[in-house]
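Student: One structure follows; several queries about it will come next.
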Amino acid sequence: MQIENFKIFADLVETKSFSKAAKLNGITQSAVSQQARSMERNFKTLMVDRSQRQFSLTPEGERIYEAAKDMLHLYEKLESELQEMKKVVSGTIRISTIYSIGLHELPPYIRKFLHDYPAVNVRVEYRRANLVYEDILHNSADFGLVAFPHKIRQIEMIPFRNDRLVLIAHPQHPLAKTAEIDIKSLAGHKFIGFDPDIPTRKAVDQIFSDHKLEITPVMEFDNIETVKRAVEIDHGVAIVPQVTVVQEVWQGTLAVITFKGKEFTRPLAILHRKGRVFTLAMRKFIDTLNVEINTA
């Protein structure tokens, strides 16, 4: 038995999917199944209850999974300590992030990090918010970045920064004639929003509700770039994080209007799985993001 056997089995249990476990470990789905059966032969016991339609462990499988987690934790801790002793900053950091953070907030931090630690490989995957949480829970990513974070028992959240929310419009739009408006001035104007399950959309809906505004988007999109393109061709106005439209404002394709007497913000957070062992590279990455993390 090798440590990889326990890693594949733990991934299988946590994802409840042979295909996802295969993807995480760069092997075929058949290989994952063979690994599980090999472990069952080694321990002379069934680990997976194959009489159930959904993935389920036998009591023996549960015990082996708990032991696998302990062994993997010790192995990761040993690797991390050896890197510390050698002062080696290398390896791979996997990041799962929503589009707006990954495209507009993260790049300068990654550029600085890779300049300082060129031996580290940083992989960034752009995901919808719900899938970022899933990636952290399934160990598909080391860190996740989301907006308007919500609490999940197995996930730690570290505050990252707060984005200012602003109104954007075509430069010739009537609302673009002033740099500041009352939010109630949006009544009667075509509004472009995010899909209903996007956290920023839920926050904007709450802002409208708090100000007794009944606004139904004429268009809905699942990412910031498509929202901006729709506003650029004057299909409506939108509320977005100011940091995501810096380039368009500089190019003159969008106008930014702030809200009079009120500042609306979008909190961002860094996610990681509770109990995660952090390599030296991961610690350095957190330092680069200018946040503090409890690695005890």
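Student: Return only the number of the condition from (1) free of Cβ contacts under 8 Å to residues at least 60 places away in the same chain; (2) of a type in the set (Lys, Arg); (3) under 23 Å from Thr279 (Cα atoms) that Arg63 does not satisfy.
Tutor: The number of the failed condition is (3).
Student: Among the listed residues Glu248, Glu225, Glu232, identify the single one that is of a type in the set (Asp, Glu), within 20 Å of the chain's Cα centre (by Cα) and over 27 Å from Lys151 (Cβ atoms).
Tutor: Values: Glu248 fails: within 20 Å of the chain's Cα centre (by Cα); Glu232 fails: within 20 Å of the chain's Cα centre (by Cα).
Being of a type in the set (Asp, Glu), within 20 Å of the chain's Cα centre (by Cα) and over 27 Å from Lys151 (Cβ atoms) holds for just one of Glu248, Glu225, Glu232, which is Glu225.
Student: Here's another thing I want to ask about it. Within the range 1-24, track down each residue that is more than 14 Å from Glu134 (Cα to Cα) and either outside any helix (DSSP H, G or I) or over 29 Å from the mean Cα position of the chain (by Cα) (or both).
Tutor: Within the range 1-24, Met1, Gln2 meet the criteria.
Student: Being more than 30 Å from Gly91 (Cα to Cα) and either without any contact (Cβ under 8 Å) to a residue 24 or more places away in the chain or surrounded by fewer than 19 Cβ atoms within 10 Å (Cβ to Cβ) (or both) is the requirement here; does Val237 meet it? Can you show your working first?
Tutor: Values: more than 30 Å from Gly91 (Cα to Cα): yes; either without any contact (Cβ under 8 Å) to a residue 24 or more places away in the chain or surrounded by fewer than 19 Cβ atoms within 10 Å (Cβ to Cβ) (or both): no.
The answer is no for Val237.
Student: So which residues in the range 158-178 are under 17 Å from Tyr133 (Cβ atoms) and either crowded, with 16+ Cβ neighbours inside 10 Å or out of contact with any strand residue (DSSP E or B) (no Cβ under 9 Å at 6 or more places or on another chain) (or both)? Spell out the reasoning first.
Tutor: Our first condition is that a residue be under 17 Å from Tyr133 (Cβ atoms); within the range 158-178, this holds for 158-160.
Listed by number, the residues that qualify are Ile158, Phe160.
Student: Can I ask one more? I need a count of the residues in the range 55-100 that are out of contact with any helix residue (DSSP H, G or I) (no Cβ under 9 Å at 6 or more places or on another chain), under 30 Å from Ser33 (Cα atoms) and aliphatic (A, V, I, L, M).
Tutor: The total comes to 2.
Student: Can you tell me which residues in the range 83-93 are of a type in the set (A, V, I, L, M, F, W, C), within 29 Å of the chain's Cα centre (by Cα) and over 19 Å from Arg273 (Cβ atoms)?
Tutor: Val88, Val89
Student: So is Leu165 out of contact with any Leu (no Cβ under 8 Å at 6 or more places or on another chain) and over 17 Å from Val243 (Cα atoms) or not?
Tutor: Judged against the criteria, Leu165 is not a match.
Student: When the residues of the range 287-296 are filtered to those that are of a type in the set (Val, Ile, Thr) and more than 19 Å from Tyr133 (Cβ to Cβ), which remaining residue is modelled with the highest pLDDT? Explain how you work it out, then say what you get.
Tutor: Step one: of the range 287-296, the residues of a type in the set (Val, Ile, Thr) are 288, 291, 293, 295.
Next cut, more than 19 Å from Tyr133 (Cβ to Cβ) only: 288, 295.
Details: Thr288: 93, Thr295: 48.
Looking at residues that are of a type in the set (Val, Ile, Thr) and more than 19 Å from Tyr133 (Cβ to Cβ), I get Thr288.
Student: Can you name every residue in the range 287-296 that is without any contact (Cβ under 8 Å) to a residue 24 or more places away in the chain and not in a loop (DSSP other than H, G, I, E, B)?
Tutor: Within the range 287-296, just Asp287 meets the criteria.
Student: Taking the range 1-39, which residues are over 22 Å from Tyr75 (Cα atoms) and not β-branched (Val, Ile, Thr)?
Tutor: Correct list: Lys16, Ser17, Phe18, Ser19, Lys20, Gln29, Ser30, Ala31, Ser33, Gln34, Arg37.
Student: Could we say that Ser33 is at pLDDT below 80 and surrounded by 14 or more Cβ atoms within 10 Å (Cβ to Cβ) here?
Tutor: Values: at pLDDT below 80: no; surrounded by 14 or more Cβ atoms within 10 Å (Cβ to Cβ): yes.
No: the conditions fail for Ser33.
Student: Sticking with this one: Identify the residue in the range 253-281 that is in a loop (DSSP other than H, G, I, E, B) and at pLDDT 95 or above and, among all such residues, is surrounded by the fewest Cβ atoms within 10 Å (Cβ to Cβ).
Tutor: Checking each candidate, the answer is Thr253.
Student: So which of Phe143, Phe148 ends up being of a type in the set (Phe, Trp, Tyr), farther than 30 Å from Ser19 by Cβ and assigned by TED's automatic domain parsing to the domain that holds His272?
Tutor: Being of a type in the set (Phe, Trp, Tyr), farther than 30 Å from Ser19 by Cβ and assigned by TED's automatic domain parsing to the domain that holds His272 holds for just one of Phe143, Phe148, which is Phe148.
Student: Which members of the range 40-59 meet the condition of being among the hydroxyl-bearing types (Ser, Thr, Tyr), farther than 24 Å from Leu74 by Cβ and surrounded by 13 or more Cβ atoms within 10 Å (Cβ to Cβ)?
Tutor: If the condition is that a residue be among the hydroxyl-bearing types (Ser, Thr, Tyr), farther than 24 Å from Leu74 by Cβ and surrounded by 13 or more Cβ atoms within 10 Å (Cβ to Cβ), then Ser56, Thr58 are the ones that fit.
Student: Taking the criterion of being within 30 Å of Arg283 (Cβ to Cβ) and in a helix (DSSP H, G or I), would at least one residue in the range 25-42 satisfy it?
Tutor: Yes, because at least one residue in the range 25-42 is within 30 Å of Arg283 (Cβ to Cβ) and in a helix (DSSP H, G or I).
Student: Is it true that some residue in the range 44-55 is part of a helix (DSSP H, G or I) and not hydrophobic (A, V, I, L, M, F, W, C)?
Tutor: No, the conditions are met nowhere in the range 44-55.
The values are calculated or read from the model by the stated rules, or taken from the named source; none is laboratory data. Note that the coordinates shown come from a computational prediction; the quantities given were computed from them, not determined experimentally. Virtual Cβ from ideal backbone geometry, glycine too; neighbours counted across all protein chains shown.
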